[in-house]
Structure formats: C-alpha cells, structure tokens
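**Student:** Can you read through this structure? Questions will come right after.
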Amino acid sequence: MNKTSHPLSACALAALCLAAPLSAVAQSSVSIYGIADVIVEHRNHMSATGGSRTSVTSGGMNTSRWGLRGSEDLGGGLSAVFNLEAEVGMDSGAAASNYWGRQANVGLQGAFGRVVTGRSYTTAYDFLLPFDPMGYAPFYSWATSAGAAGTRKDGMITGAPNLIKYEGKFGPVKLGATVAAGEGASTGRYAALGAVYEADGLGAVLVMDQRDQQTGATSKEQTVHLGLSYDMKPVKLFVALRQYRKTPTTGTEQKSTLGWIGATWVVTPQLDLTPAYYFQSIKSGPATPENPHLLALRAKYALSKRTWLYAVASNAGAKSGVVSVSRDDAAFADTQSSFGVGIQHRF
C-alpha cells in the first residue's frame, strides 16, 4: 500500500499544536506592579528633650510596595482573579513582618462585579481613598490613622484577614461590602457597607462599618464615613467627615469626629499643588491629645507618567497633650513641624 505525504497538512497540524498552548496563555495574565517612594525629611520635637531629626524614610507620598496580580478568562464574561501585595521599606530594604500583609486574595470577576476572599483592604479603605487629597500619605494624612501609635486619632479599619469582599459598578454608582470572619481573638468580626456616586465631576461616598472584638478591652468599634469631591478643572475640592465610636468592655465610651478639607490645583500638566487640613473633635473618652489638627502642603512635579519629584511641609498641633505629624509615630510635644523632598516611581 502506497502512502502519500502531505507537507502542507503536516505544517498545518504542527501550527495548530503550537497555537493551542499560546491560545491558553493569551487567556491568562500575570503582572508585577509597585510603588518605590523615598523621602528625605526634617522634623522637630522628635524626643522628650525637643531634638530635631533629618532622615531618609520609605513612603513619603505613598507606602512603598510591590505585588502580583493576575486573571484568567473563564469564558462567558467570567474571570478568575488573584492579588498578592507586600510592603517594602525602601530606606533599608526590610519587608513587613507579615509579608503579604497588604493583599493576599483570590476570587471571581464578571458583569456582576468582583468578589474576592482572603486578606485585602476593607471597603472603607477602598472607597475613601479618592476623597483624601493627600492619598493616604503615611506622614501627611490622617484620613486612615488606624492603629496610630502614641496618639488618639480614631481611624478606620484599613484591612482585614479572612474576609469576603464585593465591589460592583453600575453606571455612576459603585457598591461595596466586606465581611470578615474574625477567626482570631485579636482581629474580631468585621463588616462594612459602602456606596460611591461619580458623575459630571461630582463625587460622593458613604461607608458604614463595625468591628466586634472577641476578647480584650474593646467590645465594639463603629464608624460612619462621608465624603464629597468636585472637580472643576484645574482645581479639585475635597471634604470628608468620620464619626467614630468605640465601646469598651468597661469604662467610658470613646467618641470623636475626624474631618478634612483640601484641594488639588493642576498648575501645569507636570505640576500640581495640594493643601489639606485635618482636624479632630474629641467628644468623650481619653482626650490625649485634645482636638489635634494637621496642616499639610505638597507640590508634585511629574518627570514622566510614572515618576514624580515632590516636596511636602506640614505642621501639627493640639490644645493639650502631644501630637505628631505622622499617624504612626510617637509624639513628644504639643506641636510638630516637618519638611521633606522625595521621589516616587510606579511600575
């Protein structure tokens, strides 16, 4: 029996075999992203004796980080998604003790929105970020102030483990919810609901959340966040309020209102200026410091679409007690001033 060879058919078959895995690869994607941010900063009142300090510090404008995120097309408009994100100390190269402490989650995304489970930012963190003129700058914003050391700033719950988080956008409205199981005594159960409206330059946000502690001195934390923004180009205005209440297992209930106002002026396509003022009214509970405030001014210059130089100046004060411009650093006086210059690159 004679066999006839067909070179073109053989080539076509080989091409199909090669195309199959390439097609599968084309339906999946994994990307590396991050922020490298370093500031050289001078700050006064850095000790009980009133000394000043000049330092090189990671994260002047935003917390330095790197991460991996990816998706796989499952067909029918449905995708599998994942996100891993870690904080990086650009000044020393040190990593956070909980390495993937910012994000470590997996989920599904489709026309209904996005649902992830694992560790992630809370709905409050996600939805309030666009309404903070300083963008949660570690040293120049009190918008989050969660877990601040040494001073009372009554902040939001920024992230949670063991969570299920939903976010969906429907026209000008974005809806979100977070539920965290509270599997450990130190974390507690957490729940949040939020909504954002954005249209014609106007933005509005409302987020309510609550954390129940299983053990410890606090039994419940509740916050309500309200914010507005208006972009009238070249100036964008911001205003927000947070009502905070902490119920201890014993003792006095802790209440406060934290608010901020600010603006971003796009002077040129490369240069923008952002003033912001943060203030707190302490209504009950421990009042140290008493009614603190922070005034900050930032100038940012774009070297490219991903690299910026910036300069920041700030002053924090309190009627009594001690206060720090940073939401996380210990304080030693009733005022503190700082000035810094930095560089940020995003990839």
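**Student:** Which residue is surrounded by the most Cβ atoms within 10 Å (Cβ to Cβ), if the candidates are limited to segment 156-179 and must be assigned to a strand (DSSP E or B) and touching a residue at least 60 places away in the same chain (Cβ under 8 Å)?
**Tutor:** Only one residue fits best here, namely Lys165.
**Student:** Which condition number does Gly60 fail, the rest of (1) part of a loop (DSSP other than H, G, I, E, B); (2) farther than 24 Å from His345 by Cα being met?
**Tutor:** It is condition (2) that Gly60 fails.
**Student:** Does Met90 satisfy the criteria of being assigned to a loop (DSSP other than H, G, I, E, B), at pLDDT 95 or above and within 30 Å of Ala313 (Cβ to Cβ)?
**Tutor:** Against the criterion (assigned to a loop (DSSP other than H, G, I, E, B), at pLDDT 95 or above and within 30 Å of Ala313 (Cβ to Cβ)), Met90 qualifies.
**Student:** If you don't mind, another one. Name the residue that is nearest to Val56 (Cα to Cα), counting only residues in segment 93-142 that are among the polar types (S, T, N, Q), in a strand (DSSP E or B) and within 17 Å of the chain's Cα centre (by Cα).
**Tutor:** Gln103
For every residue, the table says whether it meets (1) surrounded by fewer than 14 Cβ atoms within 10 Å (Cβ to Cβ); (2) in contact with a strand residue (DSSP E or B) (Cβ under 9 Å, 6 or more places away or on another chain); (3) at positive phi.
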position: Thr250; (1), (2), (3): yes, no, no
position: Glu253; (1), (2), (3): yes, yes, no
position: Thr257; (1), (2), (3): no, yes, no
position: Leu303; (1), (2), (3): yes, yes, no
position: Ala313; (1), (2), (3): no, yes, no
position: Val325; (1), (2), (3): no, yes, no
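**Student:** Every residue in segment 56-85 that is touching a strand residue (DSSP E or B) at 6+ places or on another chain (Cβ under 6 Å), free of Cβ contacts under 8 Å to residues at least 24 places away in the same chain and not aliphatic (A, V, I, L, M), please.
**Tutor:** If the condition is that a residue be touching a strand residue (DSSP E or B) at 6+ places or on another chain (Cβ under 6 Å), free of Cβ contacts under 8 Å to residues at least 24 places away in the same chain and not aliphatic (A, V, I, L, M), then Glu85 is the only one that fits.
**Student:** Quick one: count up the residues across segment 307-347 that are within 30 Å of Ser31 (Cβ to Cβ) and hydroxyl-bearing (Ser, Thr, Tyr).
**Tutor:** Selection size over segment 307-347: 2.
**Student:** State all residues of segment 301-323 that are in contact with a Pro (Cβ under 9 Å, 6 or more places away or on another chain) and either in a loop (DSSP other than H, G, I, E, B) or farther than 16 Å from Asp37 by Cβ (or both); if no residue qualifies, say none.
**Tutor:** Ala316, Gly317, Ala318, Lys319, Ser320, Gly321, Val322, Val323
**Student:** As an exercise: evaluate Asp37 against (1) surrounded by 12 or more Cβ atoms within 10 Å (Cβ to Cβ); (2) part of a loop (DSSP other than H, G, I, E, B) and give the number of the one condition it does not meet.
**Tutor:** (2)
The values are calculated or read from the model by the stated rules, or taken from the named source; none is laboratory data. Keep in mind it's a predicted model, so treat the numbers as computed, not measured. Positions of Cβ are backbone-derived with ideal geometry, glycine not excepted, and every protein chain shown enters the neighbour counts.
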